[in-house]
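To start, the structure under review is shown below, and the notes come after it.
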Amino acid sequence: MQDIVNFLNGIIWSPALIYLCLGAGLFFSVLTRFAQVRHFKEMCRLLFSGESSKEGVSPFQALTMSLSGRVGTGNIAGVAAAIGFGGPGAIFWMWVVAFLGAATSYVECTLGQIYKEEYEGQYRGGPAYFMEKAMGQKWYAWIFAIATIIATGLLLPGIQSNSIGNGIAQAIGEGEIIETSMGAISFTKLVVGSFVVIVLGFIIFGGVKRIAKFTEIVVPFMAMAYIIIALIIIMLNFDKLPGVIMMILGDAFSPMAGVGAAIGWGVKRGVYSNEAGQGTAPHASAAAEVAHPSQQGLVQAFSVYVDTLFVCSATAFMILITGAYNVHGSAEGTLLVQNVAAEVAANSPAYTQLAIESVFPGIGNIFVAFALTFFAFTTILAYYYIAETNVAYLRRSANIPGLAAFLKVGLMASTFYGAVKTADLAWGLGDIGVGLMAWLNIIGILIIFFVGRPAIKALKDYEQQKKAGVSNFTFDPQKLEIKNAKFWEDRLKK
C-alpha cells in the first residue's frame, strides 16, 4: 500500500504541480497589483465587520471556519516534515508560497462568493459551483466535487487524527500493544481514536452552524496560545534568531538536501498548510454574509498570512532555534544533519514537542499534544463541511440516495483509521488528496480568468466604490458583465 501511495504521489506532485502553484500565485499577484499588500489594512478592518444571518455565517466565522482547515497538522507536523526532508531552506519556500498564494486565495474565495447559491436554507458555494457557472463545464465541476469528497471525506482526515494519536502517545506513552484485525495498535491510540470519533459524530450531525460556533471559539484561542509559547522560546534564545534566519535564507538556494528538495517540500507542505489554490477555502468563504464578494476574498487572503507567516513560522523558529531536528538525505536511512535520535519521525509532531520540551521540561510534549488535538480536530470539521458542500452540489442535480450518510460514516472511519496507523501512510494518502484538488482547482481558476476575469472585475469594482467613499457596498454582476451570478442578481433586485 505504501509503495502504491508513493508511486501516485510521484506523479501527482511532480515538478509541474510545484511550478503551477508558484506560477499561479505570481500571476494573480501581478494581476491584482499585489492586493495582498495594498489592501492589508482593509483585510484587518473587514475581519470584524458584518454579521451572520439565518442563511450565512459572519465574515469572522467564515474566517475561523477556513482557518480551522488551514491551521492544523500542517502547521506543526507539516513544518517539521518540510525541515526534515527539505532542510531549513524549505521554510523560505513556505513563505514564498504563502505570500504569492494569498493572491490565489483572494481569487478563488471571491469566485466562491460570486457564484454561491442558497440551498436548503444555507449559503453554498465552492469550486464545483463556480466551475459549472463560470467555466460552463458541468462535467469538470462534477470531477472536482467527487475528487473533493474523496480527498476531504476519506483521505485527509487520517492525517489530522494520526497527528493527534502520535502527539498524545509521545506525551503519555503508547501503552499496551493490542493485536487487532488492523494489526498491532497501541492502547493509547485506540482510546484516542475512539474518543475523537465520538465527539466528531456529535458535532457533524449537528450541522454547519454548530461547526461555525465551535471553530469561532477554539481556533483563535489555540492559535494565540501557540504563538505566545513560540514567542517566549524565541525571546529566550533571541541571540540565535539572526543565525537561524540566515540559515533559512542561505539554505533555500544551496540547501543541504538539494534545491529541488527544499522547493518541493516547501511548496508541498506550504500548500497543505495554508491551502491556497487547493480549493478548500472557497467553501467556507461562500457561506459568509457579505455586501460584496471581494470583501470575503480579502479576508481569506489574510488567513493565509495567519496560517503560514504566523503559525508555521512560529513552529519553524522553535525547531531550528533549539536544534530539535534531523535532515534526511535522498537515500533511505541517510541523515545529512542529526541533532536528535535517528528514529524520531519527521512526519510527526515529535520535532515540535522536543523543541518546546527542551525549554519547558515536562510541558512541551503535553502542550503540543493538547494544541495539536484542537488544531487537528477543527481541521477534520472543516474537511467535513467541505465534503458536505460538494455532496449538496451533486444532490442538486442528481438524486444519490445515502450519499450524505456515507460521507459521515466514511469520514469517521477514516479518522479512526488514521489515529491508529503509521504516519507515512496517512501523510501519503493525504498528499494524494491535496494534489488532486490543487491540479483541478488551479487549472479551473486560470481558465475562468481567461474566460471572463470575474474576480479581477469584482476587485476593481470594490476599489472604485471604496475610493468613492461608499458606506453601503453593492455588487451588480450584470453591470460588470459577469454571467450566471444569479444570487447577486436576485439580491440587487430585492
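Regarding residue 403, is this residue more than 30 Å from residue 178 (Cα to Cα) and at pLDDT below 95? I'd like the intermediate steps shown before the answer.
Numbers: more than 30 Å from residue 178 (Cα to Cα): yes; at pLDDT below 95: yes.
It is true that residue 403 is more than 30 Å from residue 178 (Cα to Cα) and at pLDDT below 95.
Given the options 446, 425, name the one that is surrounded by fewer than 22 Cβ atoms within 10 Å (Cβ to Cβ) and within 23 Å of residue 292 (Cα to Cα). Don't jump to the end; show me each part of the working.
On the way: 425 fails: within 23 Å of residue 292 (Cα to Cα).
None of the others qualify; the one that does is 446.
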Number of the exception - residue 290 against (1) modelled with pLDDT under 85; (2) surrounded by fewer than 24 Cβ atoms within 10 Å (Cβ to Cβ); (3) not in a helix (DSSP H, G or I): (1)
Candidate set from the stretch 338-351 (those that are modelled with pLDDT under 85 and not in a loop (DSSP other than H, G, I, E, B)); member that is surrounded by the most Cβ atoms within 10 Å (Cβ to Cβ): 350
Filter result for residue 224 (loosely packed, with under 15 Cβ neighbours inside 10 Å and at pLDDT 90 or above): no
Counted residues, the stretch 385-410 - those being of a type in the set (S, T, N, Q) and under 15 Å from residue 284 (Cα atoms): 2
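Tell me, please, whether a residue that is within 30 Å of residue 42 (Cα to Cα), touching a residue at least 12 places away in the same chain (Cβ under 8 Å) and either assigned to a helix (DSSP H, G or I) or touching a Pro at 6+ places or on another chain (Cβ under 8 Å) (or both) can be found in the stretch 424-432.
Start the filter on the stretch 424-432 by keeping residues that are within 30 Å of residue 42 (Cα to Cα), which leaves none.
The answer is no, given that none of the residues of the stretch 424-432 is within 30 Å of residue 42 (Cα to Cα), touching a residue at least 12 places away in the same chain (Cβ under 8 Å) and either assigned to a helix (DSSP H, G or I) or touching a Pro at 6+ places or on another chain (Cβ under 8 Å) (or both).
Test residue 173 against the stated conditions and say whether it is surrounded by fewer than 21 Cβ atoms within 10 Å (Cβ to Cβ), at pLDDT below 85 and either farther than 30 Å from residue 420 by Cα or charged (D, E, K, R) (or both).
Details: surrounded by fewer than 21 Cβ atoms within 10 Å (Cβ to Cβ): yes; at pLDDT below 85: yes; either farther than 30 Å from residue 420 by Cα or charged (D, E, K, R) (or both): no.
Judged against the criteria, residue 173 is not a match.
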Failed condition for residue 21, given (1) within 23 Å of residue 226 (Cβ to Cβ); (2) modelled with pLDDT of 80 or more; (3) assigned to a helix (DSSP H, G or I): (1)
From 369, 404, 355, residue being within 30 Å of residue 122 (Cβ to Cβ), among the aliphatic types (A, V, I, L, M) and assigned to a helix (DSSP H, G or I): 404
Lone unmet requirement of (1) touching a Leu at 6+ places or on another chain (Cβ under 6 Å); (2) modelled with pLDDT of 75 or more for residue 219: (2)
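State whether the residues of the stretch 313-336 include one that is part of a helix (DSSP H, G or I), more than 21 Å from residue 163 (Cα to Cα) and modelled with pLDDT of 80 or more.
If we filter the stretch 313-336 for residues that are part of a helix (DSSP H, G or I), which is where we start, we get 313-322.
Now drop any that are not more than 21 Å from residue 163 (Cα to Cα), which leaves 321-322.
Going one step further and asking which of them are modelled with pLDDT of 80 or more, we end up with 321-322.
Looking for residues that are part of a helix (DSSP H, G or I), more than 21 Å from residue 163 (Cα to Cα) and modelled with pLDDT of 80 or more, one finds at least one in the stretch 313-336, hence yes.
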Check on residue 28, modelled with pLDDT of 85 or more and over 16 Å from the mean Cα position of the chain (by Cα): yes
Candidates 372, 354, 381, 335, filtered to the one that is of a type in the set (A, V, I, L, M, F, W, C), farther than 30 Å from residue 278 by Cβ and either surrounded by fewer than 24 Cβ atoms within 10 Å (Cβ to Cβ) or out of contact with any strand residue (DSSP E or B) (no Cβ under 9 Å at 6 or more places or on another chain) (or both): 335
Filter result for the condition that a residue is aliphatic (A, V, I, L, M), within 28 Å of residue 20 (Cα to Cα) and either in contact with an Asp or Glu (Cβ under 9 Å, 6 or more places away or on another chain) or in a helix (DSSP H, G or I) (or both), over 480, 436: 436
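The values are calculated or read from the model by the stated rules, or taken from the named source; none is laboratory data. Note that this is a predicted model, so its numbers are computed, not measured. Cβ coordinates were reconstructed from backbone atoms using ideal geometry, including for glycine residues, and neighbour counts include every protein chain displayed.
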